[in-house]
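I have placed the structure first, in the form of structure tokens, so that the comments after it can refer back to it.
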Amino acid sequence: MTTTLPVTGDRFKPYDVVVGRGLLAELGTRVAPLVRGRTVIITDETVALLHGPAALASLQAGGVRARLLTVPPGENSKSFAELERVIDRLLDFGLDRRDLVIALGGGVVGDLAGLAAALYMRGIDVVQVPTTLLAQVDSSVGGKTAIDTPRGKNLVGAFHQPRLVVADIDLLATLPERQIRSGWAEVLKHGLICDAAFFDWLAGEGAVGSLGDPAALTRAVVRSVEIKSAIVGEDEKEAGRRALLNLGHTFGHAIEAELGFDEDALTHGEAVALGCALAFRYSAAINLCATADADRVSAVLAAAGLPTRLDQAGALSAVGLLARMAGDKKAEGGRLTLILARAIGDALVDKAVDRDAVLDFLRSEGAA
Ligand code: GLY
């Protein structure tokens with residue numbers, strides 16, 4: 001069964017997120033109505049081998065002219081150098097403003113191709129075809145695009161909403177289990193933000209989805225996209241409510257940064273899981289939420305094979321983590337902004353977090 005979820009907002013053209021099985025074979029017919037000229041599929045070398053031929057064949061069958069542009073896999077491709085190379089290749093191909101870019105891949109490809117599309121000739125259309133669970137439930141929806149600089153991740157980017165998102169659950173079958181579990185962290189995050197019943201389902205019968213059951217994965221992706229698109233529709237540019245989607249990210253990002261963004265040590269999803277556990281324990285420590293809720297969050301994350309304690313990430317310094325958190329681009333005017341929770345399914349944005357209290361908390365969590 002295929003589910004079509006509209007993403008609408010006052011400030012951008014509405015688009016659909018299509019979730020289901022076997023959708024790569026339908027890419028051509030789904031993209032054809034959006035194409036006035038040609039398309040370029042931007043993907044990485046790994047995904048190109050797995051899904052490039054099927055994507056090209058589908059586009060050809062749909063009467064869409066397409067060619068493939070590959071980038072090296074991995075976060076290093078989110079760089080000025082790779083962005084320039086991609087834009088040069090689009091110029092070599094003679095792409096013009098009627099043409100369309102298809103981002104086929106995980107978060108790295110989606111962010112890089114999305115930004116290239118946002119900049120190319122002041123903006124051409126992009127269709128996102130996410131191939132990881134993390135990209136299907138988070139990065140492909142909502143129009144955030146970015147590259148990294150040596151000073152930090154995602155520091156250069158643009159909001160550029162896609163024309164269409166095609167999330168084929170079957171593409172997740174080739175993902176390593178660790179990648180599925182990492183994406184599952186973002187799924188759990190959506191329940192923690194605003195849907196306790198969804199979190200209950202994820203904690204119970206839905207948990208099989210983390211092991212790759214397509215029906216459970218479909219339900220998890222659909223509900224995640226519903227939650228995310230409702231928030232993005234209200235607040236595209238993160239002036240307010242969209243910040244809720246950063247639950248677990250300020251702690252998580254600081255930990256990733258302290259570990260030098262070493263995905264072998266800690267994936268982004270694992271960092272988000274650990275960050276969610278910390279955000280709930282901090283909320284309990286300041287009596288905002290019940291300790292029982294914080295304990296349950298950790299238990300559910302741990303049952304999904306995700307880290308919940310700082311010592312699982314490595315030896316970390318409380319001062320180092322706090323400095324990273326204060327330098328986060330969500331920090332406003334030097335104050336610390338954290339996404340905290342009153343309960344499971346009831347997150348809030350706190351823009352005036354006490355740094356000393358966070359420092360004490362990080363020490364109580366075992367940071368040196
Ligand atoms: N990943 C958080 C957001 O898209 O706002």
Residue in region 171-205 that is surrounded by the fewest Cβ atoms within 10 Å (Cβ to Cβ), counting only those that are out of contact with any strand residue (DSSP E or B) (no Cβ under 8 Å at 6 or more places or on another chain) and of a type in the set (Val, Ile, Thr):
Thr174
So, in region 255-295, how many residues would count as being within 16 Å of the ligand (Cβ to nearest atom) and either open to solvent by less than 40 Å² (accessible area, probe 1.4 Å) or closer than 16 Å to Ala318 by Cβ (or both)?
10
Sort through Val358, Val297, Val319 and tell me the only one that's of a type in the set (Val, Ile, Thr), within 18 Å of Ala203 (Cα to Cα) and either over 22 Å from the mean Cα position of the chain (by Cα) or in a helix (DSSP H, G or I) (or both).
Val297
Considering only strands (runs of 3 or more DSSP E) wholly within region 122-222, the ones with at least 3 residues that are of a type in the set (A, V, I, L, M, F, W, C) and in contact with an Asp or Glu (Cβ under 9 Å, 6 or more places away or on another chain) are 152-159, 164-168
From the list Thr131, Thr174, Thr145, Thr149, pick out the single residue that is more than 16 Å from the ligand (Cβ to nearest atom) and under 15 Å from the mean Cα position of the chain (by Cα).
Thr131
Being more than 24 Å from Gly142 (Cα to Cα) and touching a Pro at 6+ places or on another chain (Cβ under 6 Å) is true for just one of Thr46, Thr8. Which residue is that?
Thr46
Within region 56-88, restricting to residues that are in a loop (DSSP other than H, G, I, E, B) and open to solvent by less than 20 Å² (accessible area, probe 1.4 Å), the one that is nearest to Ala118 (Cα to Cα) is Lys78
Candidate set: region 231-243, residues that are assigned to a helix (DSSP H, G or I) and either open to solvent by 10 Å² or more (accessible area, probe 1.4 Å) or more than 10 Å from the ligand (Cβ to nearest atom) (or both); chosen: the one farthest from Thr337 (Cα to Cα)
Gly233
Of all residues in region 300-316 being touching a residue at least 24 places away in the same chain (Cβ under 8 Å) and part of a helix (DSSP H, G or I), which is most open to solvent (accessible area, probe 1.4 Å)?
Asp311
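The values are calculated or read from the model by the stated rules, or taken from the named source; none is laboratory data. As the structure is a computational prediction, the values presented were derived from the model and not from experiment. FYI the Cβ positions are ideal-geometry reconstructions off the backbone, even for glycines, and counts take in every protein chain you see. In case anyone asks, the SASA skips ligands and DNA or RNA and just uses the protein heavy atoms, side chains included. Shrake-Rupley method; radii C 1.70, N 1.55, O 1.52, S 1.80 Å.
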